[in-house]
Amino acid sequence: MRWILSSLLNIAAIAVILATVAISPRSSAHEQGVASSQPPQLPNLFGGAFSLVDHNGVPRTDRDFIGKFQLVNFGYTNCPDICPTGLTTISTAMDSLEHEADRVQPLFITVDPARDTPERLKAYVGKFHPRLIGLSGSEAQIRKAAKAYRIHRSKVIVDNTEAGYLANHTPTIFLMAPDGKFITLFPHGTEPQFMVDAIRRHMTN
């Protein structure tokens, strides 16, 4: 029930974003209606404080990445396809940004801290991009980070796998501003060039 509620919150939040984007900035207050008089604070919908450990065993908080745009992706090293796809998209986008990539920090936060130790994360993120930082922590720490980004996660027991279970999770990639505030999100399947164009657009704003 908890993950279903979380999923509904994600859907509602995305719907709010799409509805807000659909309102032209040139529309009058009367045209936008009563709802626009109390717009949702989009920067507060996703993201927040976290305290985790990176893939080198170094304690990290969200404040360590202030000053850079951040691409935040949740997943786990035993993920069969969604996580590799998302991380490949991030890696391709980082390469396409070329020198501008120095202004972006990609982060991979595990949803499976019981198995994803810093050592395991280090081997995993090393397969994708040299700038990618893997983050793990205690169950309580991961739960707090997942809640901040409205990530749902649930364990699915699968007897015919070596791992014994899969970890269903929200596959969204978040773009955060240098001040740590939410900018936008990229659903699973986003093309790398679309991501690059969006990042560059916000870099020039």
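So what is the relative contact order of region 48-203, in percent, for Cα pairs below 8 Å that sit 6 or more residues apart?
Numbers: 288 pairs, mean separation 49.6, N = 156.
Across region 48-203, relative contact order equals 32 percent.
As a footprinting exposure proxy, order His188, His99 by other Cβ within 10 Å, with the fewest listed first. Can you show the working numbers first?
Numbers: His188 13, His99 6.
In order of increasing Cβ crowding within 10 Å: His99, His188.
Under the simplified labelling scheme, the Val156-Phe194 pair shows an inter-label distance of 2.3 nm, with each label point 7 Å from Cα along Cα→Cβ.
Rule-based calculations on the coordinates, nothing more; no lab input. Given the structure is predicted, the values throughout are model-derived calculations rather than measurements. Cβ atoms come from the backbone with ideal geometry, glycine included; neighbour counts cover every protein chain shown.
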